[in-house]
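Working notes, beginning with the structure itself.
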Amino acid sequence: MYPWRRALHQSQNADWLSDHTPISDPVLHGYFRSSCSWRVRIAFALKGVEYEQIPVNLIQDGGQQHTDKYKTLNPMRQVPAVEIDGITLTQSLAVIQYVDETRPGPRLLPADPKKRAQVRVISDLIASGIQPLQNLSVIQKIGADKAQWSQHFIDRGFEALEPILKETAGKYCVGDEISMADICLVPQVYNAERFKVDMGKYPTIKRLNETLLELEAFKVSHPSRQPDTPADLRA
C-alpha cells in the first residue's frame, strides 16, 4: 500500500472508531470445537477485543443450533453468529474482516495488495474447499465412513495447500506477519489431527501450525480452554 493510502486507511479507521464507539462487547455464539468459532476467537484475541461467549451445543438436545431462537441469529443454523456494533454477522471470514476494519491492533490482512490476495486465496481454500466437508451436518450424513471421508478431503485440500504455502510462507503463512490465513490454518490442522491425517506429508503446514500454537492468542482461543469445553477435553 502506498504511504498516502495507508495513512488514509488509518485515518478512516480512526474516524470510524470515534463515530461508532461500541456500546457493549461483541457477543460470540459458538461451539468450543467449531473451526469457524475458533477463527473468530483467534481474531478477537489478536486484536485484544473483549467479548462475551454464549455456547451453542451442536450435539445436545438434537443440536441447539436448530432452535427457533438461534435461527433468528443464523438462518443457516450454523456457528458462529456474532452480535457486534448493532448487527449480526454469521460467516467467520466476514467477521474477521469486519473486526480488522473497525478495531485497532495488528492488521489481519496485509497492506500490500499481492500479499492480501495470497491471504485470501489460502483462507478461502481452507474455509470453502476443506473445512465445510467436515461440518457436523455433513459427517452425520456420511455415518460410519466419516473418518475415511474426512481424511480424504483434508488430504485433497492439504495437497493443494502445501505447495502454495511453500511459496508464500515466511515465519507465518504469508511472510512474517500473522494474517487471516494463519487464523484459518490452525483450526483446520486441529481437525486433521482429530481425523488422524498424517501431517508428516505436509512439512510446511506442520511447521507453521507448531509456530502459531506457541502464540498466546492461539492458546487462549484453543478448544481445550473454552467455557463450554467438556471436562475430559480441558487442557
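The values are calculated or read from the model by the stated rules, or taken from the named source; none is laboratory data. Since the structure is predicted, the reported quantities are computational estimates derived from the model, not experimental observations. Note that each Cβ is placed from the backbone with ideal geometry, even for glycine, and that neighbours are counted across all protein chains shown. With ligands, DNA and RNA removed, areas are computed over all heavy atoms of the protein, side chains included. Shrake-Rupley method; radii C 1.70, N 1.55, O 1.52, S 1.80 Å.
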Helix-only [θ] at 222 nm, the chain, -39500 (n - 2.57) per DSSP H run of 4+, per residue, nearest 500, equals -16500 deg cm²/dmol
Could you compute the net charge surrounding residue 212? Neighbours are other residues with a C-beta less than 13 Å from the C-beta of residue 212; K and R count +1, D and E count -1.
-1
With unit charges on the beta carbon (Lys/Arg positive, Asp/Glu negative), name the residue among 86, 127, 179 whose Cα is farthest towards the positive pole of the charge dipole of the chain.
127
To the nearest 10 square angstrom, what accessible area does residue 224 show with a 1.4 Å probe?
20
Electrostatic dipole magnitude of the chain [Cβ: Lys, Arg +1; Asp, Glu -1; Cα centre; debye, to 20]:
480
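Taking loop as defined by DSSP and a crowding limit of 15 other beta carbons within 10 Å, which GluC sites (Glu not before Pro) in region 42-127 fit?
50
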Which value, in Å² rounded to 10, gives the accessible area of residue 234 with a 1.4 Å probe and all protein chains present?
110
Heavy-atom accessible area with a 1.4 angstrom probe orders 36, 184, most exposed first, as 36, 184
Mean separation of Cα contacts under 8 Å, 6 or more apart, over the residue count of the chain: relative contact order %:
22
How large is ³J(HN,Hα) for each residue in region 209-223, as worked out from phi by the Karplus curve 6.51 cos²θ - 1.76 cosθ + 1.60 (θ = phi - 60°), to whole Hz, x for Gly and Pro?
4, 5, 5, 5, 5, 7, 7, 4, 4, 7, 6, 5, 8, 4, x
If 61, 182 are ordered by their accessible area, calculated over protein heavy atoms with a 1.4 Å probe, which sequence runs from highest to lowest?
61, 182
So for region 27-105, averaging the separation of alpha carbon pairs under 8 Å that are six or more residues apart and normalising by length, what relative contact order in percent results?
37
Which loop-located GluC sites (Glu not before Pro) does region 129-235 contain, where loop means any DSSP state but H, G, I, E or B and the Cβ has at most 10 other Cβ atoms within 10 Å?
214
